[in-house]
1. Considering only segment 47-73, state which residues are in a helix (DSSP H, G or I), of a type in the set (A, V, I, L, M) and under 13 Å from the mean Cα position of the chain (by Cα).
2. Looking at segment 69-92, I want the residues that are modelled with pLDDT of 85 or more and have a partner that is among the aromatic types (F, W, Y) with Cβ atoms under 9 Å, at least 6 apart or on another chain. Which pairs are those?
3. How many residues does segment 20-41 contain that are modelled with pLDDT under 95 and open to solvent by less than 70 Å² (accessible area, probe 1.4 Å)?
4. Specify which of the listed residues (I11, I44) is touching a helix residue (DSSP H, G or I) at 6+ places or on another chain (Cβ under 9 Å) and either open to solvent by 80 Å² or more (accessible area, probe 1.4 Å) or in a strand (DSSP E or B) (or both).
Amino acid sequence: MANTNDVTFEIVEHIGTIDVIDGREEKWTKEVNVVAWNGGKPKIDVRDWNASHDRMSRGITLTEDQAMKMTKALVDRFRARANQEHSTPMRDDYAR
């Protein structure tokens, strides 16, 4: 478990990297992880991390239920947009 300015955290699971942020002395990445903050229940977490994962930006944490609702809302949005732009329905496996 790491400690940064009285905030403790443990990255329980790395889900994926969604961007690489260049232009700093050190490479940072925007990641989706499962993180337990201050000994609490692990939550889905989206934020920027430095390479050693000892510094991070502000981010967003979501419970599993909130993350599922957000995923559904985004899939619905992208499906509607694709249907409008291409006038052909997106495949159902898009959300998988």
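The values are calculated or read from the model by the stated rules, or taken from the named source; none is laboratory data. Predicted, not measured: the structure shown is a model, and the values here were computed from it. No Cβ is skipped: glycine too gets one built from the backbone with ideal geometry, and neighbour counts run over all protein chains shown. Quick note on the areas: whole protein, heavy atoms, side chains included, nothing else; ligands and nucleic acids left out. Shrake-Rupley method; radii C 1.70, N 1.55, O 1.52, S 1.80 Å.
1. A67, M68, M70
2. Qualifying pairs under 9 Å: V75/Y94; F78/Y94; R79/Y94; A82/Y94.
3. Residues flagged as modelled with pLDDT under 95 and open to solvent by less than 70 Å² (accessible area, probe 1.4 Å) within segment 20-41 amount to 2.
4. Result of the check over I11, I44: I44.
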